[in-house]
1. For segment 1-47, what are the residues that are among the hydroxyl-bearing types (Ser, Thr, Tyr) and either loosely packed, with under 13 Cβ neighbours inside 10 Å or not in a helix (DSSP H, G or I) (or both)?
2. When you go through (1) modelled with pLDDT of 90 or more; (2) in a helix (DSSP H, G or I) one by one for Gly121, which number turns out not to apply?
3. Give all pairs with beta carbons closer than 6 Å in which a residue from segment 1-28 that is closer than 18 Å to Lys144 by Cα meets a residue that is of a type outside the set (A, V, I, L, M, F, W, C) and surrounded by 11 or more Cβ atoms within 10 Å (Cβ to Cβ); count only pairs at least 6 apart in sequence or on separate chains.
4. For Leu136, work out the one condition from (1) surrounded by 14 or more Cβ atoms within 10 Å (Cβ to Cβ); (2) without any contact (Cβ under 8 Å) to a residue 40 or more places away in the chain; (3) under 15 Å from Phe41 (Cβ atoms); (4) not charged (D, E, K, R) it doesn't fulfil.
Amino acid sequence: MATKKEDESQIKDVIGRILKHPTESVQIQFFRYIFVGGAAFIVDFLSLFILTDYFGIYYIISAASAFILGLVTNYLLSIKWVFNKHNFDNKTIEFSLFAVIGIIGLALNEIFIWFFTSELGIYYLFSKIITAIIILFWNFFARKFTLF
């Protein structure tokens, strides 16, 4: 039977593997990416709202601008916390490929937001939430298998 100290040590070890230590585990990386994606989504979503509702910018243009802010947030957090193995030593090439995947994500973002809002009549912020969930999977797996 394990002692309380051993149990605490095991819990700290599990937390360390999940939250702190570098990992090659796709499951742990995806778990972390959900948080990174969440932070990037907050930047993206709030920027979309502010640009559209406070600055009066057309929602499709606001969505593109906000997406780019979220992309930069996602990149910085991903290289620091999610993916510890890099396929490219050159950060310019790495970010360029990260951005290309992001641009494809941006195109998907624009198409889905437009479709959900203009064609289905869903409020643009709800359209953004639905779209973000779809794009999350594209971004993670495309980046995982091409960059990291």
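The values are calculated or read from the model by the stated rules, or taken from the named source; none is laboratory data. Keep in mind that this is a model prediction, so the values were computed, not measured. Ideal geometry is used to build each Cβ from the backbone, glycine not excepted, and the neighbour counts take in all protein chains shown.
1. If we filter segment 1-47 for residues that are among the hydroxyl-bearing types (Ser, Thr, Tyr), which is where we start, we get 3, 9, 23, 25, 33, 47.
Correct list: Thr3, Ser9, Thr23, Ser25.
2. Going through (1) modelled with pLDDT of 90 or more; (2) in a helix (DSSP H, G or I) one by one, Gly121 breaks only (2).
3. The qualifying pairs are Pro22/Asn84.
4. Single failed check for Leu136: (2).
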